[in-house]
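Engineer: Next up is a structure, given as structure tokens.
Only the coordinates and a few stated rules stand behind these numbers; no lab work does. Quick caveat: nothing in here was measured; it's all calculated off a predicted structure. Virtual Cβ from ideal backbone geometry, glycine too; neighbours counted across all protein chains shown.
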Amino acid sequence: MNASRSPIDAAYTSLDTFASGNMVLGQKFTEGNSGLMTWLRTYESGPSSSSPQPRLLVERIGLFPSSGEIRCAVRSPIAVLEHLWSLYADKALDAEEKGGSGLNLTFAEWRFRIRLSESQLEILLNVESRGDVVLMQLKTAELLARIDEKNRSES
């Protein structure tokens, strides 16, 4: 493991959603869910008196800031996936192409997931970072610009 991990990271090792294929309360990140909602539901059902739930929730959200799911209308979703794969896959620590239906790319301090919408010509983007809101925002803006750039070139 990385020696520079914070004590909070160490405490949540079993919940580390950045670990490739890691199970988060029985749910893989690659199943289209980071596991955060499952984690939150687990703590919602606990006793409310003298419970550290709010502190844990704030810590957990702070550990992995997320853009949320951003819908992007595109002319050619497959071309956008291929474009992003060509730009980012060789730099990723873990890269998974999901048979033309999406991408999961993980880097040292951030990751992104893109999947195709089932009903329309759009893609769904989610960007997360390791405790760095500014990095998550910068990478989200960067990816949206790359998506827009490819979408404009497809017309």
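Engineer: How far apart, in nm, are two points set 7 Å out from the Cα along the Cα-to-Cβ line at ALA73 and at LEU87?
Structural biologist: According to this spin-label approximation, the distance is 2.1 nm.
Engineer: A follow-up question, please. Roughly how many nanometres apart are two label points built 7 Å out from the Cα toward the Cβ at SER153 and ALA141?
Structural biologist: For SER153 paired with ALA141, the spin-label model returns 2.2 nm.
Engineer: Still on this structure, I have one more. What ranking do SER119, SER129, SER153, SER66 get, fewest neighbouring Cβ atoms within 10 angstrom at the top? Display every interim value, and only then the final one.
Structural biologist: Details: SER119 6, SER129 24, SER153 11, SER66 17.
With the sparsest Cβ surroundings first, the list reads SER119, SER153, SER66, SER129.
Engineer: Would you work out if the stretch 70-153 is rounded, prolate or oblate? Take a ≥ b ≥ c from the square roots of the eigenvalues of the alpha-carbon gyration tensor; rounded if a/c is under 1.5, else prolate when a/b is larger than b/c, oblate otherwise.
Structural biologist: Values: a/c = 1.72, a/b = 1.42, b/c = 1.21.
Prolate.
Engineer: Using a cut-off of 10 Å between beta-carbons, work out the net charge of the residues near CYS72 (Lys and Arg +1, Asp and Glu -1, CYS72 not included). Don't skip to the end; give the middle numbers.
Structural biologist: Details: positive: ARG71; negative: GLU122, ASP148.
In short, -1.
Engineer: I want to check the label-to-label distance for ASP132 and GLU109. Put each point 7 Å from Cα in the C-beta direction and report it in nm to one decimal.
Structural biologist: 0.2
Engineer: Taking the beta-carbon count within 10 Å as an exposure proxy, list GLU97, GLU154 from fewest neighbours to most.
Structural biologist: Numbers: GLU97 14, GLU154 11.
Lowest to highest Cβ neighbour count: GLU154, GLU97.
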